[in-house]
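Inspection log for the structure reproduced underneath, given as structure tokens.
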Amino acid sequence: MIQPTHAPPPAPADASLRELWGTLRRRRGLVAGITVGAVALTMAGTFYMSPKYESQAALRIVAEKKGAGGMLEQLGEMADLGALTGLGTDDLDTDLGIMRSRRMVDPVAEAVGLQVVLKAPRRPRSEVLKVIAAPRDRAVGVYRLDRQDDGSYAVTTEESEAPVSPPARVRIGAPFSIGGVTMALQPSLGAKPPARVRVLIRPFREAVDELQEQLAVDRQKSGSRLVELAYRHKDPIVAAAVVNGLADGFIAYKRSTSVGESRSSAAVLRDQVASYRTQLAEAENRLRNFRESARVLAPEAEAEAEIKRSGEMQVRFDEMRVERASLRNLLAEVRAAPRGSSTSAYRKLATFPSFVENPNVNELMSSLTTLDNERVQMLGRRTDEDEDVRLLNTRIAAIEQQLLRMADDYLRSLDLQLASADEAIARVDAGMAAMPSRDMTFVRLTRDVKMLNEVYLLLQARLKEAEITEAVTQDAAHVVDYGLVAREPETPKPVLNLILSIVLGLLMGVAGAITRDIADPTVRSSRDASEATGGLAVLGSIPRIRTIPRRPVSVGMPRAVVPAGPDRLIARSDPQHPASEAYRALRTSLTHAVTDETPRTVVVTSARAGEGKSTSAANLAVTLAQQGTRTLLVDADLRTGRLNALFGARPEPGFAEALLGRALLSEAVLEVALDDSEVPLYLLPSGAPPRNPAELLGSVRMQALVEEMRALYDVVIFDAPALSGLTDAAVLGKAVDATVLVVRPGMTDRDALEQALAQLRLSRAPVAGVLLNDVLDGRLV
């Protein structure tokens, strides 16, 4: 009785690793091919990729100092400026945006001549061409310079957006112009001049867009005010010129902005100082004339206190009145300015003395300037009706209205203070009305002089501060490191690319091998075979038999000596070979494949032809005979039997003649002498092919013949034809004790194996298990 089938246990982790290793060994050609392909493609791309050089510069941006703004600062704190602008309190982000803006990059791109691109030869532009002047959007096209016999170069227009008349000939080192772009071939080319030079002059905007795309501007680390500028270009000199030009341009921009604001504040203060100087001189003259005419030497003691009090109040009143008048005029000018034209009117508002040091006003103006720059850049690519432009205009208008509201609030507060001060002065004047007319006049004139003098001194002190600030304005940014001309290209990196391509190729190769195995419908391992057969036991694993020398085998009727077959009879030709050991292990496994007794009649078959069933049956029979067992090997393939050729024996009479009764079993059986074995191997060839093999195998005569074989031999091995499309093996399997299915990894189809097993079970043939044949590494998971 055959042991019942059972589901295979779950594969352990080490089994899965061994299966993966087996997959990689089987697909090593695929893995190697994918890896080599990935390396080849990567290195080809690396070779054809133009090298790019990187230059870096570092700037330190000084934080702006913001003073207290008194009542204006309190008004600003009541308004949520951060929510309105969306820019936060740190102005460093604004500076980073300015560095990336077209206002900064346009002059640098034009100065460096980024619109001039060297297409050939593949060398840095500065080694071949010197760009002297490259105005914007001039002579856009492709131009070719071909070397002549006299050393000059003939200029040809390959492509051009507009008619251009280039010079007919140019010489090395001599400047030449193409549509306004002035260039010169480098004098160093004289040592080894190229045969052809191709130059692309592209649109200026395209060059600027590429610069902005390749430019990296970022703070060195979080919380730091060190900013790094990095730019990559095919020419290391151009890369360094770009970052250094941007650094210098930004410093100049910050300096001009700071000096402009200081000059604006000083100009306003100078006008006010000049006005009060005139008023003070007139008041002093009036007081002197009055004292001379009225002969007043000194006011009374009680009048001095009133004078002092009245003077202080009048000084404060006049300061506020002057400030109110100036603010009203400035607000009228701001409101009269066309909406959306520029931020210049609001810059005047920010330079008002009471607003200069207010941090909230400075923050609003910084936000307004940034947004206005963004709007100018955006209008270069879009229209006023664009949604983003309209949203930007809305934000700008909101900030402008916030500035106006703050100024209006401050103006109203001045009105209230003036009204209050006027009432206080009126009360003091009423108290002094009882004083003598002469004293009253003296007090009034003295008060005017004192008030004007104090206001004059105050304005003069502020003017001095503004002039000092204007004269010694500290730069808001400093260069820490200028960009250097790179010696080695940043990209490509051949060694790194090679390593990455190998790693990526291996990963892709492993993935391809696994995918190929997953999609492979064939059986690849013992676990696959067990799963495809519903848990049948794997009786053995036969490694691939390598080529060995042929050895003679004795075959006779009853005894004769003939040459041996090919190297497939490994159990006979090389008993120490691993395959021979595997066949002996199969012999042992087959002995224990039944629960009650050793099977004496065994059918060896396979799902399809070419899977090694005949070789397996022959070697199994040889190992049984070498053990001293009387073994009969029957070629039961009545259609295309080949065992006689394997042993070098005559084909008939054989199994077919014995079934048909044309020959006795003893007449058809041959003896094969084996070395080191006293018991020979008995061989029954297939005989002449009959017309109805399946009917013969299922006949009563077949059953009688099997019983006769049982009586004469210890073990009978039947080499049956493959089950694909034939029923011979299934019919024969009903008459024997056990059936062995031969599976060849990488060749046996899962579906075919399942169908073969179903065919055997349908005929109720006892199946002992499966045998893995032609295993590459001698072992499978």
Considering each of LEU705, LEU712 in turn, give the residue that is of a type in the set (A, V, I, L, M, F, W, C), open to solvent by 30 Å² or more (accessible area, probe 1.4 Å) and touching a helix residue (DSSP H, G or I) at 6+ places or on another chain (Cβ under 9 Å). LEU712
Tabulated pairs, the range 137-155, first closer than 13 Å to ARG171 by Cβ and part of a loop (DSSP other than H, G, I, E, B), second of a type outside the set (Lys, Arg) and open to solvent by less than 30 Å² (accessible area, probe 1.4 Å), C-beta under 8 angstrom, 6+ apart or interchain: GLN148/ALA154; SER152/VAL170
The listed residue being more than 18 Å from ALA617 (Cα to Cα) and under 60 Å from the mean Cα position of the chain (by Cα), out of LEU697, LEU753: LEU753
Among residues of the range 430-453 being open to solvent by 60 Å² or more (accessible area, probe 1.4 Å), part of a helix (DSSP H, G or I) and modelled with pLDDT under 75, the residue nearest to ASN289 (Cα to Cα) is ARG438
How about the range 190-279: which strands (runs of 3 or more DSSP E) wholly inside it have at least 2 residues that are crowded, with 20+ Cβ neighbours inside 10 Å and in contact with a Leu (Cβ under 8 Å, 6 or more places away or on another chain)? 196-201, 226-233
One residue is enough: does the range 723-739 have a residue meeting the conditions open to solvent by 10 Å² or more (accessible area, probe 1.4 Å) and within 30 Å of ALA513 (Cα to Cα)? yes
Restricted to the range 200-228 and to residues being at pLDDT below 90 and of a type in the set (Lys, Arg), the residue farthest from GLY245 (Cα to Cα) is LYS221
Yes/no for GLY769 being closer than 24 Å to SER589 by Cα and of a type outside the set (Ser, Thr, Tyr): yes
Only unsatisfied item for ASP749, checking (1) among the acidic types (Asp, Glu); (2) open to solvent by less than 60 Å² (accessible area, probe 1.4 Å); (3) under 28 Å from GLY769 (Cβ atoms); (4) at pLDDT 85 or above, is (4)
I'm trying to understand the selection: among the residues of the range 729-744, which are modelled with pLDDT of 85 or more and farther than 15 Å from GLN703 by Cβ? ALA738, THR739, VAL740, LEU741, VAL742, VAL743, ARG744
Within the range 764-781, restricting attention to residues that are in a loop (DSSP other than H, G, I, E, B) and surrounded by 17 or more Cβ atoms within 10 Å (Cβ to Cβ), which residue is modelled with the highest pLDDT? PRO766
Residue check: is THR615 among the hydroxyl-bearing types (Ser, Thr, Tyr) and in contact with a Ser or Thr (Cβ under 8 Å, 6 or more places away or on another chain)? no
Anything in the range 351-379 that is surrounded by fewer than 18 Cβ atoms within 10 Å (Cβ to Cβ), of a type in the set (A, V, I, L, M, F, W, C) and at pLDDT 75 or above? List them, or say none. MET378
Identify all residues within the range 111-123 that are open to solvent by 70 Å² or more (accessible area, probe 1.4 Å) and either modelled with pLDDT under 90 or on the phi > 0 side of the Ramachandran plot (or both); write none if there are none. ARG122, ARG123
Checked against (1) under 24 Å from LEU24 (Cα atoms); (2) open to solvent by 70 Å² or more (accessible area, probe 1.4 Å); (3) modelled with pLDDT of 80 or more, VAL495 satisfies every condition except (1)
Any residue in the range 756-770 that is more than 12 Å from LEU536 (Cβ to Cβ) sitting within a Cβ distance under 7 Å of a residue that is at pLDDT 85 or above? List the pairs, counting only those 6 or more apart or interchain. ALA765/THR739
Give the residues of the range 141-157 that are open to solvent by less than 20 Å² (accessible area, probe 1.4 Å) and farther than 19 Å from GLY190 by Cβ, sorted by residue number. GLY141, VAL142, TYR143
Of ARG395, ARG412, ARG390, the only residue that is assigned to a helix (DSSP H, G or I), open to solvent by 80 Å² or more (accessible area, probe 1.4 Å) and in contact with a Ser or Thr (Cβ under 9 Å, 6 or more places away or on another chain) is ARG395
Across the range 468-492, which residue is farthest from PHE250 (Cα to Cα) among those that are of a type in the set (Gly, Ala, Ser) and at pLDDT 85 or above? ALA486
With criteria (1) in a helix (DSSP H, G or I); (2) open to solvent by less than 40 Å² (accessible area, probe 1.4 Å), ARG761 comes up short on (2)
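The values are calculated or read from the model by the stated rules, or taken from the named source; none is laboratory data. These numbers were taken from a predicted model, which means no experiment stands behind them. Every residue, glycine among them, receives a Cβ derived from its backbone with ideal geometry; neighbour counts consider all protein chains shown. Ligands, DNA and RNA are stripped out before the accessible areas are found, and what is left, the full protein with its side chains, is counted by its heavy atoms. Shrake-Rupley method; radii C 1.70, N 1.55, O 1.52, S 1.80 Å.
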